[in-house]
Every structure is written in C-alpha cells, then in structure tokens.
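Inspection log for the structure reproduced underneath, given as structure tokens.
The values are calculated or read from the model by the stated rules, or taken from the named source; none is laboratory data. Since the structure is predicted, the reported quantities are computational estimates derived from the model, not experimental observations. Don't worry about glycine lacking a Cβ; one is built from the backbone with ideal geometry, like all the others, and counts go over all protein chains shown.
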C-alpha cells in the first residue's frame, strides 16, 4: 500500500512538473527599471506565474533566441553604434542565465536573432545589415564572420530613408535564410551554408512587396507551402505561395480593416500550433491582435479583432498547449494573458497580466 501511494504521489509530481514551463522575456532597459532578461515559472493550466530568475545590467536585450539543446540563450543588445550580441549559459531548472561573452553586432540596433547548431544570425535595423556569428563549443561567439549590407530606399522618407533589416528567418528545410527589409520593401532570400565562412549566406533572390508597406515579420505555414509577411507601415498582411523555392503573391489583407485614417504599426505574426489560425499584432492607433482562419489554399479570413489590453504590443506567444496567448505590451509595461478557444481561434482576456518594464520578446522553454 505504501508503495502504491508513493508511486501515485510521484505520478502527480511528474504531471504537475510538466504543467510548468519557463517563460523567458527580453526587455528594453533604457526607459524604466529593467535588469534585462527575466525568467518566470509559468503554469500552462492555471496561468499562474512567478519570477524565477533575471540577469543584471544587460543592455536592451529586446530579442533573444534559445538553442535547441536549451543550454544557451543569445540576445541582441540594441545600443546604437555600440550594439552587441550576447551569449549566455542557460540552466532551465533554475532559470539562471550566466553571461559568457558579447560581440559587436555588425550594425546598429539589432532587432531580431536566430540560431542553429553552427551559427547565430542577427538583423541589424538601423545598420541595414545582417550579421553572422559562429558558435563555439562552450556557447561563446566568435567575431562576425560575415556582414551583409543592404542598400536602397522606400517612399516613406521618415522610415525608409535607407535599408532596415527587421527580421531573419530560416526556411523550414534550412536551405535558406529570409530577411525582411522594412526600408526597401523587399523580402530577401539567401542560400544558407552553415560552414561557409564569409559566404555562409549567398544572395539568391529578392521579392518586392507593396511600395511603402514596410515588411517587418514573416512566418511559414506548418507544411512550408506558404509564407505570410506582415508589413509594419500600412498594416498589410501578404500571403505568398512558396513553390520550388519561388515566391508568388496570393492574397493581401489588412490587420486593422476598420482603422481608417489612423496610424498603423503591425508588429508580430504567429500560427497556432495546430496550424488552423494565424494571429497578428498591430500597434499605432489600434493596439489589437487580429485572428485569421487559415484555409487549405493559403487564403485568410478575419474572424476576430481584440484589444491587447495595453499599448505597443510587440512579440506574442501561443502556449505549448494551444490554450492561451501572451502579448507583450511594451509601452504599458505588461504582458497580457488571454485564453484561446481551440475550435474557433477566439481570444478572451483573463484579467491576468505580468507587470514588467518594456517587455518585447517572449519564449517558452521546458524547465528541465
């Protein structure tokens, strides 16, 4: 009997541990009191949270990326001409982040970062460049082995006076790295050779989007046949067919169709884990998240627009169980928590918020 009780207790303990994940948050540190990167213990069933760990004195780690083995985290450090990329050792059980080293980012104001087993790749917004860094065995970074400089302008003279690389993104098969350039209205496509040294990225093609739209973020659908590109400046969401490594325009919709003469500020875009719904945040005068049903032919149908319960929604994340969504409201210093209906895709605000200085990037990882 004692053995049965012990096994039952063990089963409950294991089940409860699986209900909890680490929520890793990147922030800005120059506008209010923030120490950099924060790690919360987050229960995906109760939506309860508790601060677990944080860095000290890390400058503007607005975006970050976690390695596949969960042993390292890399972050940008947006700091104008002094911008860097930082490497940390990551211990999921405690949430602790130990600084390893940092390197010049290869351009001003890095705003997005990705990694694989070999490299870390960074989009430098103000610099209009892409920086490629080799990962060493201890998790540290070498100096940039390749820096690609974009050129060109767009019609919006205040925002498109030069190139502004806003995102880098691996294709589903890892053959290519895509780069959104807000300043030139182009989606760049680079062949990717992880061990290519100064030719790790080789230009293949550039797809031109609507003039003045300002491509910011993109996402592939789960089977890799369509690319959905979100444009910041006009709130356009463009669906592109991705067949035989070529892009063709399928559909254009607007993430805030009721925003007549207001200011757009489209930010982030993600699929639900089941691939049936697509979500997009918009800042500016809207501060909403749009919900789209996704059809087999790649076309989108808007089914809901809901307030993000704050101002300046940046990155958002859909929970591992598809049952909730967290939205980082940068300007109002909170992360709003929404329940998600898996059948309809609809969101409903729970009344819960994580209060935190200028949250930007949200990532879930296992806690062990």
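Conditions tested, residue by residue: (1) assigned to a loop (DSSP other than H, G, I, E, B); (2) touching a residue at least 60 places away in the same chain (Cβ under 8 Å); (3) under 28 Å from residue 110 (Cα atoms); (4) touching a strand residue (DSSP E or B) at 6+ places or on another chain (Cβ under 9 Å).
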residue	(1), (2), (3), (4)
239	no, yes, yes, yes
248	no, no, no, yes
256	yes, no, yes, yes
267	no, no, yes, yes
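Every condition in (1) under 25 Å from residue 193 (Cα atoms); (2) in contact (Cβ under 8 Å) with a residue 24 or more places away in the chain; (3) part of a strand (DSSP E or B) holds for residue 99 except the one numbered (1). Screening the candidates 147, 132, 120 for the property of being touching a residue at least 12 places away in the same chain (Cβ under 8 Å), closer than 28 Å to residue 243 by Cβ and touching a strand residue (DSSP E or B) at 6+ places or on another chain (Cβ under 9 Å) yields one hit, 132. Please work out if residue 62 is in contact (Cβ under 8 Å) with a residue 60 or more places away in the chain, closer than 26 Å to residue 170 by Cβ and in a loop (DSSP other than H, G, I, E, B). Considered against the rule, which asks whether it is in contact (Cβ under 8 Å) with a residue 60 or more places away in the chain, closer than 26 Å to residue 170 by Cβ and in a loop (DSSP other than H, G, I, E, B), residue 62 comes out as yes. Return a yes/no flag: does the stretch 190-209 have any residue that is modelled with pLDDT under 95 and either in a loop (DSSP other than H, G, I, E, B) or under 20 Å from residue 156 (Cα atoms) (or both). The answer is no; no qualifying residue exists. Being surrounded by fewer than 17 Cβ atoms within 10 Å (Cβ to Cβ) and free of Cβ contacts under 8 Å to residues at least 40 places away in the same chain is the filter here; which residues of the stretch 298-325 pass it? Selection gives 301, 311.
Evaluating residue 345 against the criteria (1) in a strand (DSSP E or B); (2) buried (at least 17 other Cβ atoms within 10 Å of the Cβ); (3) in contact (Cβ under 8 Å) with a residue 60 or more places away in the chain leaves one unmet condition, (1).
Looking only at the stretch 79-91, residues that are touching a strand residue (DSSP E or B) at 6+ places or on another chain (Cβ under 6 Å) and not in a strand (DSSP E or B) come to 1 in all. Between 156, 181, 143, the distinction of being crowded, with 23+ Cβ neighbours inside 10 Å and either at pLDDT 95 or above or under 29 Å from residue 265 (Cα atoms) (or both) belongs to 181 only. Residues in the stretch 214-230: is at least one surrounded by 14 or more Cβ atoms within 10 Å (Cβ to Cβ) and without any contact (Cβ under 8 Å) to a residue 40 or more places away in the chain? No, the stretch 214-230 contains no residue that is surrounded by 14 or more Cβ atoms within 10 Å (Cβ to Cβ) and without any contact (Cβ under 8 Å) to a residue 40 or more places away in the chain. Identify, please: which residue in the stretch 150-193 is free of Cβ contacts under 8 Å to residues at least 24 places away in the same chain and in contact with a strand residue (DSSP E or B) (Cβ under 9 Å, 6 or more places away or on another chain) and is, among those, farthest from residue 85 (Cα to Cα)? Only one residue fits best here, namely 191. Screening the candidates 353, 368 for the property of being closer than 30 Å to residue 77 by Cα and modelled with pLDDT under 95 yields one hit, 368. If only one of 284, 275, 262 is without any contact (Cβ under 8 Å) to a residue 60 or more places away in the chain, at positive phi and surrounded by fewer than 14 Cβ atoms within 10 Å (Cβ to Cβ), which one is it? Just a single option satisfies the conditions, and that option is 275.
Which one of these is modelled with pLDDT of 95 or more, surrounded by fewer than 21 Cβ atoms within 10 Å (Cβ to Cβ) and assigned to a strand (DSSP E or B): 70, 50, 35? The match here is 50. Any chance the stretch 119-129 includes a residue that's part of a strand (DSSP E or B), surrounded by fewer than 21 Cβ atoms within 10 Å (Cβ to Cβ) and modelled with pLDDT of 95 or more? Among the residues of the stretch 119-129, not one is part of a strand (DSSP E or B), surrounded by fewer than 21 Cβ atoms within 10 Å (Cβ to Cβ) and modelled with pLDDT of 95 or more, which makes the answer no.
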